[in-house]
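Below is one structure, written out as structure tokens; the observations come after it.
The values are calculated or read from the model by the stated rules, or taken from the named source; none is laboratory data. Note that the structure is predicted; figures quoted are calculated from it, not measured. Note: ideal-geometry Cβ built from the backbone for every residue, glycine included; neighbour counts use all protein chains shown. Accessible surface is based on the protein model in full, side chains and every heavy atom, while ligands, DNA and RNA are left aside. Shrake-Rupley method; radii C 1.70, N 1.55, O 1.52, S 1.80 Å.
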Amino acid sequence: MSASLLSGRLRLKHFHRLHVVLQHIGMATHSGSEAEVLLEKTGCAGVITLNRPKALNALNLSMIQLIYPQLKIWEEDPKTFVIIIKGAGGKAFCAGGDIRAVTDAGKVGHRLAQDFFREEYILNNAIGTCKKTYVALIDGITMGGGVGLSVHGHFRVATEKTLFAMPETAIGLFPDVGGGHFLPRLPGKLGCYLALTGFRLKGQDVQRAGVATHFVESEKLPALEKDLTALKSPSKEDVADVLSSYHSKSKIDQGKPFILEEHMDKINSLFSANSVEDVVENLKKDGSSFALQQLETLKKMSPSSLKMTFRQLKEGVSMTLQDVLTMEYRLSQACMRGHDFYEGVRAVLIDKDQNPKWKPALLEEVTDEDLESCFKSLGSNDLKL
């Protein structure tokens, strides 16, 4: 048995064991339509449906436990050619990770604060290296953890209902789930801008930005899915042809420019800098209403998160997805040890006073030593992919 096959089997055993533990502590999925993830084989495709519509399909650990082993089974199944992932309920594909559960765990030093990020990033990598054609139907809210379930796959189909953002700097976190890989690879400095400000892209702009590969009207998705599952032993190119034919027939927003088109020159020049402080200086010097707006936005974000994110993207541009995820796991654990993540979640998601008290409160108070410690190896606790 090869080492990779053995490690894959051990990982599946580990996932099964962890799922049994989750069942024991009451996080198990229910049967039938109440299950948090629906997994079914339809025609040539394995179909994953995120099924927590009341929670906007927020991704929790037990869902990850269900998706990962099934993804690996379909990857090895000679009768499965396509993997489709979608969200139930019509409002969201996946609004992000189950941050509340992670916060509660981190406060008391529970293993979930390690396990959630570790298993999530392992799943992100499995999607990024998937041998079968992977299609994400990102209809509705797609943020944070939802981006991780989609952006590393071969195809991402946005609709007029898609709302994309990586809003982590507002809660003392950083754009993880491989954000350090895909964001710096977007055109110009767009990725840096989206990462630092958390700017939201809607509808066709998600595709125009390069986050989605195709745009299809929401009401056409059932027909698209049917056509994809009906394909006979399709190649990646066959899937691309079907997606392109739907994309070319979409009528919504045709001919409209990208929402940030008029600002791209400014984004490219003002966010081309060696540090976050330099970006802030550039925005102040520019003085345009657009620049001042970005300045106001950045003032609300965690200074530690801004510096962490800036370096994450700077290093990530030349890294493999695997190396980025290893780096991001280190950053996630630094956030679990720190102050700002818990304060950000309190201010934005729990008390909702939108008034976080960051520590340090100013960019210049975040030292190089502070930053360096976030990127340090965790030794035997490092993420292994």
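Within region 196-223, track down each residue that is among the hydroxyl-bearing types (Ser, Thr, Tyr) and either without any contact (Cβ under 8 Å) to a residue 40 or more places away in the chain or surrounded by fewer than 21 Cβ atoms within 10 Å (Cβ to Cβ) (or both). The answer is THR213, SER218. Restricting region 311-328 to residues that are in a helix (DSSP H, G or I) and more than 25 Å from ALA101 (Cβ to Cβ), the residue that is most open to solvent (accessible area, probe 1.4 Å) is LYS314.
Taking the criterion of being in a loop (DSSP other than H, G, I, E, B) and crowded, with 24+ Cβ neighbours inside 10 Å, the residues of region 153-177 that qualify are THR159, THR162, MET166, GLY172, LEU173, PHE174, PRO175, ASP176, VAL177.
Please tell me if LEU123 is open to solvent by less than 30 Å² (accessible area, probe 1.4 Å), more than 24 Å from LEU183 (Cβ to Cβ) and in contact with a Phe, Trp or Tyr (Cβ under 6 Å, 6 or more places away or on another chain).
For LEU123, the condition - open to solvent by less than 30 Å² (accessible area, probe 1.4 Å), more than 24 Å from LEU183 (Cβ to Cβ) and in contact with a Phe, Trp or Tyr (Cβ under 6 Å, 6 or more places away or on another chain) - is not met.
Of everything in region 329-374 that is farther than 15 Å from PRO303 by Cα and in contact with a Leu (Cβ under 7 Å, 6 or more places away or on another chain), the residue that is surrounded by the fewest Cβ atoms within 10 Å (Cβ to Cβ) is ARG330. Counting only residues that are within 21 Å of LYS202 (Cα to Cα) and in contact with a helix residue (DSSP H, G or I) (Cβ under 7 Å, 6 or more places away or on another chain), region 265-286 holds 2 of them.
Candidates LYS91, LYS79: the one that is open to solvent by 60 Å² or more (accessible area, probe 1.4 Å), modelled with pLDDT of 50 or more and more than 29 Å from LYS202 (Cα to Cα) is LYS79.
Checking each residue in region 294-305 for being in a helix (DSSP H, G or I) and either modelled with pLDDT under 95 or surrounded by 13 or more Cβ atoms within 10 Å (Cβ to Cβ) (or both) picks out GLN294, LEU295, THR297, LEU298, LYS300, PRO303, SER304, SER305.
The residues of region 236-251 that are in contact with a strand residue (DSSP E or B) (Cβ under 8 Å, 6 or more places away or on another chain) and either part of a loop (DSSP other than H, G, I, E, B) or open to solvent by 60 Å² or more (accessible area, probe 1.4 Å) (or both), listed by number, are LYS236, SER250.
Can you find even one residue in region 249-257 that is in contact with a helix residue (DSSP H, G or I) (Cβ under 6 Å, 6 or more places away or on another chain), more than 30 Å from PHE116 (Cβ to Cβ) and at pLDDT below 95? Yes, some residue in region 249-257 is in contact with a helix residue (DSSP H, G or I) (Cβ under 6 Å, 6 or more places away or on another chain), more than 30 Å from PHE116 (Cβ to Cβ) and at pLDDT below 95. The one condition from (1) open to solvent by 20 Å² or more (accessible area, probe 1.4 Å); (2) part of a helix (DSSP H, G or I) that MET308 does not meet is (1). Here is the figure for region 258-287: residues that are open to solvent by 40 Å² or more (accessible area, probe 1.4 Å) and touching a residue at least 12 places away in the same chain (Cβ under 8 Å) total 9. With respect to the conditions (1) in contact with a Phe, Trp or Tyr (Cβ under 6 Å, 6 or more places away or on another chain); (2) over 19 Å from PRO184 (Cα atoms), SER305 falls short on a single one, namely (2). For region 178-188, taking the residues that are in contact with a helix residue (DSSP H, G or I) (Cβ under 6 Å, 6 or more places away or on another chain) and surrounded by fewer than 23 Cβ atoms within 10 Å (Cβ to Cβ), the one that is farthest from CYS94 (Cα to Cα) is identified as GLY188.
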